[in-house]
1. So which residues in region 94-118 are in a loop (DSSP other than H, G, I, E, B) and within 18 Å of residue 51 (Cα to Cα)?
2. Can residue 129 be described as over 17 Å from residue 40 (Cβ atoms) and either touching a residue at least 12 places away in the same chain (Cβ under 8 Å) or crowded, with 21+ Cβ neighbours inside 10 Å (or both)?
3. Six or more apart or on different chains, Cβ under 8 Å: which pairs go from a residue in region 101-116 that's within 15 Å of residue 67 (Cβ to Cβ) to one that's surrounded by 23 or more Cβ atoms within 10 Å (Cβ to Cβ) and modelled with pLDDT under 95? Could you list them?
4. Could you identify the single residue in 114, 103 that is modelled with pLDDT of 95 or more, in contact with a helix residue (DSSP H, G or I) (Cβ under 8 Å, 6 or more places away or on another chain) and surrounded by 17 or more Cβ atoms within 10 Å (Cβ to Cβ)?
5. If I filter region 30-52 for residues that are within 17 Å of residue 107 (Cβ to Cβ), touching a residue at least 12 places away in the same chain (Cβ under 8 Å) and out of contact with any helix residue (DSSP H, G or I) (no Cβ under 6 Å at 6 or more places or on another chain), do I get at least one hit?
6. So for region 74-83 (the condition being in contact (Cβ under 8 Å) with a residue 24 or more places away in the chain and part of a strand (DSSP E or B)), does at least one residue qualify?
7. Of 138, 91, which residue is surrounded by 13 or more Cβ atoms within 10 Å (Cβ to Cβ), modelled with pLDDT of 95 or more and in a loop (DSSP other than H, G, I, E, B)?
């Protein structure tokens, strides 16, 4: 991925993933809002990257975050969230998506590994069946206790509002 921008369109990401597959590389996919990046996110993304040769992150666009979180989120706009994610060494590709869930993106990319937090039961992980039917695997990563964006927002409200 040297000298290739990490933030890209769905079409460009599909081409990058196909090229990786042709080269025999395994591709992991995860998704999320990653609103206020914290140590829990970094540990999670590092663990996700360790499952494959490449990590693709589907980033919920602002409109999607408002639908699944609340109307006051995200705190950081999508362009800044994407830039921060792209700055992490463990992240190879960042793709914005506007849908409330990443199923169509997962189907487009055809990752070898689908990664979610261990707070998700495998049966509830969107795209798990698709990935497993193609011979891929689902990995559930333990989360860092007591670290979350919601908790950070609440701490800020308690201390400064």
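1. Scanning region 94-118 gives 110, 111, 112, 118.
2. Values: over 17 Å from residue 40 (Cβ atoms): yes; either touching a residue at least 12 places away in the same chain (Cβ under 8 Å) or crowded, with 21+ Cβ neighbours inside 10 Å (or both): no.
No: the conditions fail for residue 129.
3. Between residues of region 101-116 that are within 15 Å of residue 67 (Cβ to Cβ) and residues that are surrounded by 23 or more Cβ atoms within 10 Å (Cβ to Cβ) and modelled with pLDDT under 95, there is no close pair.
4. 114
5. First, pick out the residues of region 30-52 that are within 17 Å of residue 107 (Cβ to Cβ): 30-31.
Narrowing the set further to residues that are touching a residue at least 12 places away in the same chain (Cβ under 8 Å) leaves 30-31.
Now narrow it down to the ones that are out of contact with any helix residue (DSSP H, G or I) (no Cβ under 6 Å at 6 or more places or on another chain): 31.
The answer is yes, given that some residue of region 30-52 is within 17 Å of residue 107 (Cβ to Cβ), touching a residue at least 12 places away in the same chain (Cβ under 8 Å) and out of contact with any helix residue (DSSP H, G or I) (no Cβ under 6 Å at 6 or more places or on another chain).
6. Going through region 74-83, the residues in contact (Cβ under 8 Å) with a residue 24 or more places away in the chain turn out to be 74-76, 81-83.
Those still in the list that are part of a strand (DSSP E or B) too: none.
Checking region 74-83: not a single residue is in contact (Cβ under 8 Å) with a residue 24 or more places away in the chain and part of a strand (DSSP E or B).
7. Numbers: 138 fails: in a loop (DSSP other than H, G, I, E, B).
Residue meeting the stated conditions: 91.
The rows are residues; the columns are (1) outside any loop (DSSP other than H, G, I, E, B); (2) over 13 Å from the mean Cα position of the chain (by Cα).
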{"residue": "5", "(1), (2)": "no, yes"}
{"residue": "13", "(1), (2)": "yes, yes"}
{"residue": "17", "(1), (2)": "yes, yes"}
{"residue": "21", "(1), (2)": "yes, yes"}
{"residue": "25", "(1), (2)": "no, yes"}
{"residue": "30", "(1), (2)": "yes, no"}
{"residue": "37", "(1), (2)": "no, no"}
{"residue": "44", "(1), (2)": "yes, no"}
{"residue": "48", "(1), (2)": "yes, no"}
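The values are calculated or read from the model by the stated rules, or taken from the named source; none is laboratory data. Model, not experiment: these values are computed from the prediction. Because the Cβ atoms are built from the backbone with ideal geometry, glycine has one as well, and the counts that use them run over all protein chains shown.
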